[in-house]
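The values are calculated or read from the model by the stated rules, or taken from the named source; none is laboratory data. Since this is a predicted model, take the numbers as computed values, not measurements. No Cβ is skipped: glycine too gets one built from the backbone with ideal geometry, and neighbour counts run over all protein chains shown. In case anyone asks, the SASA skips ligands and DNA or RNA and just uses the protein heavy atoms, side chains included. Shrake-Rupley method; radii C 1.70, N 1.55, O 1.52, S 1.80 Å.
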Amino acid sequence: GEALAVSARVAPLGSRLVLLLVEDLTEARRIEAVRRDFVANVSHELKTPVGALSLLSEAVMDASDDPEAVQRFAGRMQIEATRLTNLVQELIDLSRVQNDDPLEDAEPVRVDELVAEAVDRCRHQAGTKQITMAAGGTADLHVWGNRGQLAAALGNLVENAVNYSPARTRVGIAARRVSAPGGDMIELAVTDQGIGISEKDKERVFERFYRVDPARSRATGGTGLGLAIVKHVVASHGGEVTVWSAEGQGSTFTLRLPEAAAARDRTGQHPDLD
Ligand code: ADP
């Protein structure tokens, strides 16, 4: 009688264990496939500019008696070299945000400084497209985290807003404090009046190397890694990123990050707020 009762109790547990194991294996396989895809993608992305550079250098050699052609080819070589540099830099950034614990040197970070830095980073490009940038609500807000990573995350969002918007539009950055179950959070919303993202692409834009329009992304110097970096940064900070978009009308990317004071209350640490 007792054995039966025990096995009756173990059986459902056993099948759940088997299920968990199967799920684990599936997950392991999925991670392996993602890793393999990533390596294949990186190789492809590196090969493209390297191949172009190699062809262009041959063209330069063949055109040595035509200074104008040499100039033209050299100009294109410079573009490809810049592309390669950007890609390598973003790969380094991505590996950093995936591997380092950003909270090891976490500190209260002023939101107005993060915003000013992000705007600065895009000032030139926004200027050439006559895009107006406006920020509001940032005064006296502090988020808790790694300054460099947070700056990279917000910078990527603002850069995208400028990149994927037509000339003479507006990019807005709005900050506010919102209360959440685990403590107050800071919400940072980057809104553009750009091309927007379709419902089906919305899910995928955070994947490494996913681009809605690869040609357009490359033309603006995009690597397809920006939003993957953003996603990792917010996840490791205990935050989240969401996107609202309407095709042809624009997009809003919203970061939610722990407020510095709330993070201090949670962790018992005492960051110096200035
Ligand atoms: P990229 O270097 O191509 O900009 P990201 O990872 O930053 O890479 O973004 C992935 C893709 O998401 C972009 O190629 C673009 O298609 C789309 N995207 C990102 N931000 C925006 C935006 N603000 N408006 C429209 N599309 C966007």
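Name every residue in the stretch 136-160 that is aliphatic (A, V, I, L, M) and within 16 Å of the ligand (Cβ to nearest atom), in order of residue number. Reasoning before the result, please.
If we filter the stretch 136-160 for residues that are aliphatic (A, V, I, L, M), which is where we start, we get 139, 141, 143, 150-154, 157-158.
Matches in the stretch 136-160: 151, 152, 153, 154, 157, 158.
Within the stretch 67-76, identify whether any single residue is crowded, with 16+ Cβ neighbours inside 10 Å and either in contact (Cβ under 8 Å) with a residue 60 or more places away in the chain or on the phi > 0 side of the Ramachandran plot (or both), and answer yes or no.
No, the conditions are met nowhere in the stretch 67-76.
Which of the residues spanning the stretch 178-203 are out of contact with any helix residue (DSSP H, G or I) (no Cβ under 6 Å at 6 or more places or on another chain), within 26 Å of residue 126 (Cα to Cα) and of a type in the set (D, E, K, R)?
The answer is 187, 201, 202.
So in the stretch 24-47, with the set limited to residues that are free of Cβ contacts under 8 Å to residues at least 12 places away in the same chain and among the polar types (S, T, N, Q), which one is least open to solvent (accessible area, probe 1.4 Å)?
Of the stretch 24-47, the ones free of Cβ contacts under 8 Å to residues at least 12 places away in the same chain are 24-37, 39-40, 43-44, 47.
Imposing the further condition that a residue be among the polar types (S, T, N, Q) reduces the set to 26, 43.
On the way: 26: 81, 43: 53 Å².
Ranking the candidates gives 43 first.
Which members of the stretch 133-168 meet the condition of being open to solvent by 20 Å² or more (accessible area, probe 1.4 Å) and in a loop (DSSP other than H, G, I, E, B)?
Scanning the stretch 133-168 gives 137, 138, 139, 140, 146, 164, 166, 167, 168.
Give me a count of the residues in the stretch 193-232 that are touching a residue at least 60 places away in the same chain (Cβ under 8 Å) and not small (Gly, Ala, Ser).
Total satisfying the criteria: 9.
Which numbered condition in (1) open to solvent by less than 50 Å² (accessible area, probe 1.4 Å); (2) touching a strand residue (DSSP E or B) at 6+ places or on another chain (Cβ under 8 Å); (3) within 21 Å of residue 224 (Cβ to Cβ) is the only one that residue 106 fails?
(3)
Does the stretch 125-132 contain any residue that is open to solvent by less than 50 Å² (accessible area, probe 1.4 Å), within 13 Å of the ligand (Cβ to nearest atom), within 15 Å of the chain's Cα centre (by Cα) and of a type in the set (Val, Ile, Thr)?
Within the stretch 125-132 (the criterion being open to solvent by less than 50 Å² (accessible area, probe 1.4 Å), within 13 Å of the ligand (Cβ to nearest atom), within 15 Å of the chain's Cα centre (by Cα) and of a type in the set (Val, Ile, Thr)), the answer is no, since none of the residues qualifies.
Does residue 171 satisfy the condition of being over 17 Å from the mean Cα position of the chain (by Cα) and within 10 Å of the ligand (Cβ to nearest atom)? Break it down into steps so the answer makes sense when it comes.
Details: over 17 Å from the mean Cα position of the chain (by Cα): yes; within 10 Å of the ligand (Cβ to nearest atom): yes.
Spelling it out, residue 171 is indeed over 17 Å from the mean Cα position of the chain (by Cα) and within 10 Å of the ligand (Cβ to nearest atom).
Mind counting the residues in the stretch 49-81 that are modelled with pLDDT of 90 or more and hydroxyl-bearing (Ser, Thr, Tyr)? Before you say what the answer is, go through the steps one by one.
Narrowing the stretch 49-81 to residues modelled with pLDDT of 90 or more: 49-63, 65-81.
Narrowing further to those that are hydroxyl-bearing (Ser, Thr, Tyr): 54, 57.
Result for the stretch 49-81: 2.
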